[in-house]
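Laboratory data are not the source of any read-out in this text; all were calculated from the coordinates shown. Computed from a prediction, not measured in an experiment: that's the story for all the values here. When we count neighbours, we look across all protein chains shown, and the Cβ atoms used for this are built from the backbone with ideal geometry, even at glycine.
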Amino acid sequence: MTITPSSPAASQQAAVDAARLVLQSMGLSLDDLIAAPSNRKPMPTFAEYVPVVRATVTPGTLKTYGSYWNRVVEQWGDKRLDEPTASEIETLVAYVRANVVIRRNSRGGRSAAENCIAALRCLYKRAEKDNLIAEKDNPARKVDKPRRLPSTRRAIADTRLAEINEVAAATGDDPELDALILRLHTETACRRGGALAIRPLDLDPVQCLVRLREKGETVRWQPVSPTLMAGLLKHAEDRHAPRDGRLLRYKDGRPITYRRYDGLWERVGRYLPWVYTQGISTHWIRHTTLKWVERNFGLAVARGYAGHTEDSGENGSAIFTYVKATIEEIAAALAALTGEPHPLALTLPEGGQYDSAG
């Protein structure tokens, strides 16, 4: 039996006939397809889409991912979002890691690689929400982040912390400002972003409370000592901080930025070599205060002091929903830490347990 190959024209006609049968079964015609409007959005390039993503994120997210998005535009500006593969993303991450700026606490570019992937995931997640790309086609989901190494930060010994405060208060062009910054972080265990966001209107001098706005858009009232409250009020007055503007300012009235922290620790590191060698930074002070609170007042109070929110993970953390520390308990921990009475602090009887007040 001889089979005669069909001509290209015949094969094409067969395909057309088959398509017409499918359309007829769906109650559609070719004219219906031509007349129907297309809902598919044109695929933007990275140079076009990165500004869209920038406009949707919080200032904290922009600070973390902004430089990586700049690098993406630099390398892939003319590429469409649906062009890069997982392998190309891994190549970009390797390039970012190899060209990372070496800092005191650098760990071989691991954080840069992790943040680069996170920045791309953030970008593509927005693209999914904008119906530009399907979840299954998202290449950033297919790239694993490097395993995060245990933190090298730890609590600073009292004598060492005293040395840091002495250097900060005796050197530099504005020791008064630096001393105030260190005391603020020591008492509140706040992050740098929380300190920089404080405004004069966030101060409650009657109850000695400071409103902190930190990452994740969290807001909380944190007790501070009467001495620190007086220092913050005086600083705001002397440096003419607007009521709704940033509180911490230079002598000429300009609000400080993260650069003040960088300069502070670089200077302290020149006088105290161990600070430079270990890469000590403001976050070490947070570790120091919270460890002291946890050791003396328990984990629930330490979590409240840190501003950690409740979650219901599988590690048993849901219990903190029921044992959440009160602001009075946090104030009592602060009073013990600073040795100053606080208007909201609970009293502790000889047994070491809180009374029923609050």
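Dipole check for region 193-245: with +1 at the C-beta of Lys and Arg, -1 at the C-beta of Asp and Glu, and the Cα centre as origin, the magnitude is about 60 Debye.
Each 10 Å bin from zero holds the following percent of Cα-Cα pairs in region 158-338: 9, 36, 36, 16, 3, 0.
Take every pair of alpha-carbon atoms less than 8 Å apart whose residues are at least six positions apart; their mean separation over the length of region 46-142 yields a relative contact order of 33 percent. Each peptide in 223-235, 199-211, 135-147 receives the mean, over its residues, of other Cβ atoms within 10 Å, and ordering these scores from highest gives 223-235, 199-211, 135-147.
Dipole of region 166-277 computed with +1 at Lys/Arg Cβ and -1 at Asp/Glu Cβ about the Cα centre; of Leu233, Leu196, Thr277, farthest Cα towards the positive end is Leu196.
Neighbour counts of C-beta atoms inside 10 Å place Met26, Met43 in the sequence Met26, Met43, starting with the fewest.
Counting other Cβ atoms within 10 Å as a rough exposure proxy, the listed residues Glu340, Glu217 run Glu217, Glu340 from fewest neighbours to most.
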